[in-house]
1. Could you give log10 I(q)/I(0) at q = 0.07, 0.11 Å⁻¹ for the chain, computed by the Debye formula over C-alpha point scatterers of equal weight, without solvent?
2. Please rank 422, 605, fewest neighbouring Cβ atoms within 10 Å first, as an exposure proxy.
3. What order do you get for 675, 231 when you list them from fewest to most C-beta neighbours inside 10 Å?
4. Grab the beta carbon distance between residue 668 and residue 622, set R0 = 51 Å, and tell me the FRET efficiency rounded to 0.05.
5. By how many nm would the segment from residue 147 to residue 352 grow when fully extended, if each residue of separation counts as 0.36 nm and the alpha-carbon distance is taken off?
6. Rounded, prolate or oblate: which fits segment 549-608, taking a ≥ b ≥ c as square roots of the Cα gyration tensor eigenvalues, rounded meaning a/c under 1.5, else prolate when a/b beats b/c?
7. State, to one decimal in nm, how far the label point of residue 104 lies from the label point of residue 656, with both points 7 Å from Cα in the Cβ direction.
8. Just how far, in whole angstrom, is segment 138-154 from segment 37-91 if you go by their alpha carbon centroids?
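Each value in this text was obtained by applying a stated rule to the coordinates, not by laboratory testing. As the structure is a prediction and not an experimental result, all values here were calculated from the model. Methodologically, a virtual Cβ is constructed for each residue, glycine included, from the backbone with ideal geometry; neighbour enumeration extends over all protein chains shown.
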């Protein structure tokens, strides 16, 4: 497929950035096999590199940054540039770090350079020092080896940022776990899981369909400490456990466990596993390496469903409580109609009282929920009940199916996705994001909608260009994007940022001058605490183009994961896709409101990005390098003037005189023409300026 350039509102504002994100790289040849790392190459198990952020603006003008922080690796000898990504996550916490994980970090800003010692030109390095803020990101990837074995792996990174220079990120990338030492082995099947800011990566392992020399048995939970990993070796998971820096927490259990959540070490003093089973049990790491089980978390519900989400602030203020978990639940004889919520202490113990929040739109409740923004109503006799937990998601991830947080004014906010029972099925296209605001004093919960698509009436919530502004699109049915299969779901699970805004991936119809564009997009519901309502902002969509200053090559988002053949995809969006903390050390008290860019502590998004490596102006998945990559979206310190650099002669108007003035300096190699701030004036700077000048005229 040929995708023409879309110079949308989300194109990188090159003059306001330095270089692009450091896994923004292409191979020297611009063709297969590309420059993704190979899964079994132990010499590439650790890499450290610099990310210098690219600025862009969302549909409301929110100043954000975006780039591919992690590429998945590739299978040796494979015919694809790299592996597919399934579940992925960002740490809920952002913590202070006295030092950096690595002494030296690679840095480059030209095509062909990168971290692959076999397929890239070797870059230079820089050595950071002093204190920083730190967070973690992770992804699970999968593929088939040349020998026909089913490969599973996890690759993670600890990312550091100096708040005084928050456009520069330092990434320490580690091959976290693989299910065998070579393409001959399939010793385990792996599902993510969560990571914390200290690099403690929790994941699930089982023995489904395995055939290796060291096979795992039963249901297992592991933790790999990526900052303790031995570089130059693989951490293989099998019947003898993990081979490097790994704690085996649940060992060969006969009880089915879902993918894990956990309390971060920055909160509890140590990483503390906390997950659930299919037997309505909550398992928690009561002491290091020791897992206990309880049913005290159910709050009277008959059964639980899905994967628990977490708030790093106690909801109920119980003595000794440090955090709160929440889980989809069933009351006796009903569909999935409630959310059980419970406090935990620093050892994961249940601290009650908690609450059981019934969702009014569910069939057993017989009520409805009204969108406080546009007055749309869901519910009725057939009802909309909680879902998005079927098929492979309990085993492969993501984590979790409920999002919860404590807002800037102490609001207890909770969210999940409901499906319309009128249609039914795991591929139901009729979905809504329900948000509850719970009053712990009265025990009551008010409900609203952050987003919806109702297939019965073909109605979707509007996406706008500003608060109270004009609709630029709608949430729509997934079948309108795919052409019919799969039908849905049309919306992912939700996640909260530190201001109470709600993020989710959805099928969208975006209005254009020559008709509508149907695609998948990342959408943000902006929280209005006064009216307890949400208006929608467009963050990123398929077709968006960014100038990769590191690679010197433009890339486009050519795929965003939402649905698989019969349900929500494990590679879609869940509550662990958004950081709970604010950006770069900011606090809730620092925010000027819900639209403050610092509310976006970090968002990770599973995409395919396609580089225009042949320079023909189109993004061709057959002719150009394309990679499955984890895009990282972060906040900024504020909203810069996107046209400040384009007004090159500073006369207050962007016109031909600015272009001529820039061209004069560029030809003369004047450093004022260093558009991307890398200390060199070259073709990348010319493209950078031209892009901004074109957008600002």
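1. Debye intensities relative to I(0), on a log10 scale: -0.42, -1.09.
2. Ranked by crowding around the Cβ, least crowded first: 422, 605.
3. Listed from fewest to most nearby Cβ atoms, that is 231, 675.
4. After rounding, the FRET efficiency stands at 0.80.
5. Residue separation times 0.36 nm, minus the Cα-Cα distance, leaves 68.6 nm.
6. Taking the square roots of the gyration eigenvalues as a ≥ b ≥ c, segment 549-608 is oblate.
7. Distance between the two pseudo-spin positions: 5.1 nm.
8. Between the Cα centre of segment 37-91 and that of segment 138-154, the gap is 16 Å.
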